[in-house]
Amino acid sequence: MKKILSNKYPLFFAAVVLSIVILSSSFVNKRVNTNPPADDLEGTISISGAFALYPITVKWAEEFRKLHPKVKFNISAGGAGKGITDALSGLVDIGLASRDINPEEVKKGAYTIYVTKDAVIPTFNTGNPNAAQLLAKGVKRDQFANIFITGSIKDWKQEAGKVSVPIHIYTRSDAAGAAETWAKYFNKKQEDLLGVAVYGDPGLAQAVKKDVTAIGFNNIAYLYDLKTRKQVAGVHALPIDVNGNGKIDADENFYSTIDELTEAIATGKYPSPPARNLGFLFKGKPKKKELVEFVKYVLTDGQKFIDENGYIALSKQKLQEELAKVK
């Protein structure tokens, strides 16, 4: 029977066999085509600059390398001034900038792409004998200016306390975006700030932590524990009396957790400055393929790490504007 059918319908069987071969080939081709393309990104990206932007940049680099393992990173924190200088002199690919870029830097080729937002926070030692009063009353903008700029307020009792103890002021010794931004709150420059100069964000936080009557300022990442979301022991945010009525109202009391604070910054309850945008600074528009792809990643998929690391996301419109700078 099989022989008779095969003789009678040779063309039919040939067509069936050909169909099977074609179908099999299509499955093979589909399996081959579903393999991911080879990663052609490689090279080294060097970065230096602002302590404020350093922690999230390290996170972005770690996540980017999971996608592109041939790309290496050299990242260091040395202050915004150093990062900007390094980038403009060609020592690094990216300078981490946490302050406004001045006209002289723009003339040298400074090209900034903003990637996130945070704020500079005034700090004090929680062992201060006037801690309860300070947390309840806060400090007005002009009072901060009379501490950090004019020096006319020298004792905590003059500010809000009941106990007379001297105010020990600490500031930054390095060219810091945090110091420049804090000074800008008073329409001044970093060099106008009084106090004992200490290097770096960690150093300034530690100095305030060791001195019971200290006052200083820090970027958010150095004041909060990312696991507990609460302020670290010893050095806390010194609340700003934004409306100047002599007390911290309910809508000014947003320092308990990092999430409350970042929400206040995002919604404008916390003043700007000292809130500010943070950016990647280049000497001219970035052209290296691995560099361009890294910036695109930061402004898209990398944004999912913003909240958990204590930063504030830029608006969707702002992110699109920044993304257009690198396309």
Restricting segment 112-159 to residues that are in a loop (DSSP other than H, G, I, E, B) and of a type in the set (A, V, I, L, M), the one nearest to Lys287 (Cα to Cα) turns out to be Ile149
The condition from (1) modelled with pLDDT under 95; (2) surrounded by fewer than 15 Cβ atoms within 10 Å (Cβ to Cβ) that Ala221 misses is numbered (2)
Within segment 217-259, residues in contact with a strand residue (DSSP E or B) (Cβ under 9 Å, 6 or more places away or on another chain) and of a type in the set (A, V, I, L, M, F, W, C) come out as Phe217, Ile220, Ala221, Leu223, Val232, Val235, Ala237, Leu238, Ile240, Ile248, Ile258
Given the conditions (1) assigned to a loop (DSSP other than H, G, I, E, B); (2) over 12 Å from the mean Cα position of the chain (by Cα), every one holds for Gln317 apart from (1)
Selection from segment 172-208 of residues farther than 19 Å from Val232 by Cα, of a type in the set (S, T, N, Q) and surrounded by fewer than 24 Cβ atoms within 10 Å (Cβ to Cβ) yields Ser173, Asn187, Gln190
Quick count over segment 154-188, residues being of a type in the set (Lys, Arg) and at pLDDT 95 or above, is 4
(request) Determine, yes or no, whether Ile248 is within 14 Å of the chain's Cα centre (by Cα) and surrounded by 21 or more Cβ atoms within 10 Å (Cβ to Cβ). (result) no
Residues of segment 124-163 being touching a helix residue (DSSP H, G or I) at 6+ places or on another chain (Cβ under 8 Å), of a type in the set (S, T, N, Q) and farther than 18 Å from Pro271 by Cα, in sequence order, are Asn125, Asn128, Asn130, Ser152
*On the given criteria, is Asp142 modelled with pLDDT of 95 or more, among the acidic types (Asp, Glu) and open to solvent by 60 Å² or more (accessible area, probe 1.4 Å)?*
yes
inquiry  = Given the criteria touching a residue at least 40 places away in the same chain (Cβ under 8 Å), within 24 Å of Lys188 (Cα to Cα) and open to solvent by less than 40 Å² (accessible area, probe 1.4 Å), does Leu96 qualify?
reply    = yes
Matching residues in segment 301-319 (of a type in the set (A, V, I, L, M) and open to solvent by less than 20 Å² (accessible area, probe 1.4 Å)) number 3
Within segment 279-300, restricting to residues that are free of Cβ contacts under 8 Å to residues at least 40 places away in the same chain and surrounded by 13 or more Cβ atoms within 10 Å (Cβ to Cβ), the one that is farthest from Trp60 (Cα to Cα) is Val292
### Task
Please work out if Tyr114 is crowded, with 18+ Cβ neighbours inside 10 Å and farther than 17 Å from Gly49 by Cβ.
no
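The values are calculated or read from the model by the stated rules, or taken from the named source; none is laboratory data. This structure is a prediction, so every number in the text was calculated from the model and none was measured. Every residue, glycine as well, gets a Cβ built from its backbone with ideal geometry; the counts of neighbours run over all protein chains shown. These accessible areas exclude ligands, DNA and RNA; they are computed on the full protein's heavy atoms, side chains included. Shrake-Rupley method; radii C 1.70, N 1.55, O 1.52, S 1.80 Å.
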